[in-house]
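See structure below.
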Amino acid sequence: MSKQQFVKTAICNKYQTLLEECERTLAIWNEHRAEISQSRLVGKEAGDELLRLQANYAQAYTVLQNHAHNCSFCQLVSRLEGRDSENTSMPSLTAISTFERRPS
C-alpha cells in the first residue's frame, strides 16, 4: 500500500472499504486465471467466468477511483501529497499501487 493510500484509509472509512473490495475482486480474478491456466481449461464456460470476474474487478476499481475523485477527504490527501512531492527531491508518492497497475 502506498503512503498516500495509507493516509486515505486512515482518514476515509469508505475508501478503506472500497479498496478492500477492489483487492478482493482482483485476488479472486487472479486465482481463477491461475487455476484455469494451470489446468489448461478451455472453452466458453472458462472464458465466460474469467470475463465475469474481470468485470467485477473493473467495476470495483471504477467505484474506488470515482470515490477518490469525488470525496473531499480523499481529495485533501491528494492535494497535500502533491505539495509534499513538490517540496522534496523524492519521487511523488502518488504512484499507482501494485493492484492498480493491472486493470486488464
Hey, any hits in region 35-49 for a residue that's modelled with pLDDT of 90 or more and either of a type outside the set (D, E, K, R) or touching a strand residue (DSSP E or B) at 6+ places or on another chain (Cβ under 6 Å) (or both)?
-> no
Going by the structure shown, is THR98 polar (S, T, N, Q) and at pLDDT below 50?
-> yes
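Among the listed residues SER2, SER72, identify the single one that is among the hydroxyl-bearing types (Ser, Thr, Tyr) and at pLDDT 85 or above.
Criteria check complete, one pass: SER72.
The values are calculated or read from the model by the stated rules, or taken from the named source; none is laboratory data. Remember, it's a predicted structure, so these values are computed and weren't measured experimentally. Virtual Cβ from ideal backbone geometry, glycine too; neighbours counted across all protein chains shown.
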